[in-house]
Amino acid sequence: HEARGRVCFFDPGMDARAQARRQLERDMRRALMTAPEEFELHYQPVVEVATRRPTGFEALIRWRHPERGLVLPVEFIPLAEEMGLIVELGALALRRACAEAAGWVRPLRIAVNLSPAQFRSPRLIETVTAALSDNGLAPERLELEITEGVLLHDTEATMATLRRLKALGVRISMDDFGTGYSSLSYLRNFPFDKVKIDRAFVRDLETRSDDAAIVQAVTGLCERLAMTSTAEGVETEAQFRLLAGERCTEAQGYLFSRPIPASGIPALLARLALE
Ligand code: C2E
Ligand code: CA
Ligand code: CA
Ligand code: CA
């Protein structure tokens, strides 16, 4: 009966972390079903290295939790993946990003992260098509970011999905390049438009010549394969200069802006245009 259930829930063997996690799981189900507006997107600009002009924004999800305040994705994306809610949450982010970007005064690009489960979902093509057409967003403005993890299995199916996405006219970026199970053959076998060089290789660029060598190799490869190279996590002017020296195409990081709510975009664009 009821008391027994309670005893079970407050089992002293279950530590506070596990309880907090279960609470967060319940909250996430509730939010997705009854209060999807609690999830919001913040936007971080991506700039062209040669001109320092913004080319677009990456949409990064946050959860405005009624009691906890703003929760970052590291706390709830892995949970959503384990709970099988990531496909729904990802679709929500995709629709929202396309809707917001369609309203921007300047037709800049919008990058959206896709988790591996979302990429493998049979509804992916339908979801992307609807997000574009429902909002009247030109497909070439949408970039989908996938990590190396999605390329690990089912090469045939993965390739077919990538081709179908490309056929829609959207761009595909390889995110976090160099951190996962990187293989140069991915860059040869899959039709990527962009490679995002992970922050891990940018952070110590000023002091570590091995990182500089890696960045140089990746940007050179991108140039030869006609892909854009985007450095992530650029925080200092010195890093930016080194990246420019390595012929990196784009940069993204706190040097230009942290991710900000949609309402801050016009002021941010005005500031970046003046710099
Ligand atoms: P990511 O796609 O690699 O996103 C870049 C992360 O680096 C973001 O963290 C961003 O805020 C942070 N960042 C940007 N510039 C700098 C910098 O100069 N220095 C430092 N230290 N960090 C910087 P965030 O927003 O916490 O997102 C973390 C991860 O959560 C993302 O990594 C992405 O994998 C995932 N994520 C975010 N939004 C979504 C989403 O809508 N769907 C899915 N599936 N995953 C998402
Ligand atoms: Ca990303
Ligand atoms: Ca990344
Ligand atoms: Ca990352």
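The table for this structure:
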| read-out | value |
| --- | --- |
| Separation of the R30 and L255 label points, Cα + 7 Å toward Cβ, nm | 4.4 |
| Cα centroid separation, segment 222-243 to segment 118-150 (Å) | 25 |
| Only Lys, Arg (+1) and Asp, Glu (-1) charged, at Cβ; the chain dipole about Cα centre in debye | 480 |
| Relative packing of peptides 228-234, 147-153 - highest average C-beta neighbours within 10 Å first | 228-234, 147-153 |
| Geometric extent, Cα atoms of segment 88-148 - Rg, Dmax (angstrom) | 11.1, 34 |
| Relative contact order (%) - criterion: Cα under 8 Å, at least six apart; region: the chain | 17 |
| Segment T155-D193, length gained on full extension (0.36 nm per residue, minus Cα span) | 11.8 nm |
| Stretch gain in nm, segment N135-L272, where the contour uses 0.36 nm per residue and the Cα spacing is subtracted | 46.6 nm |
| 222 nm mean residue ellipticity, helices alone, for the chain (DSSP H n ≥ 4; -39,500 (n - 2.57); rounded to 500) | -14000 deg cm²/dmol |
| Cα-centre dipole for segment 24-68 with unit charges at Cβ (Lys and Arg positive, Asp and Glu negative), debye to 20 | 60 |
| Tail fraction, Cα-Cα pairs, segment 175-233, threshold 14 Å, whole percent | 51 |
| Cα-based helix-to-principal-axis angle, 155-168 vs the chain, degrees rounded to 10 | 70 |
| Accessible-area value, W104, 1.4 Å probe, nucleic acids and ligands omitted, Å² | 40 |
| Carbon and sulfur %, accessible surface of segment 84-168 computed with the full protein complex present, 1.4 Å | 52 |
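The values are calculated or read from the model by the stated rules, or taken from the named source; none is laboratory data. Here the structure is a predicted model, which means the values were calculated and not measured. All Cβ positions, even for glycine, are placed from backbone atoms using ideal geometry, and neighbour counts span all protein chains on display. Quick note on the areas: whole protein, heavy atoms, side chains included, nothing else; ligands and nucleic acids left out. Shrake-Rupley method; radii C 1.70, N 1.55, O 1.52, S 1.80 Å.
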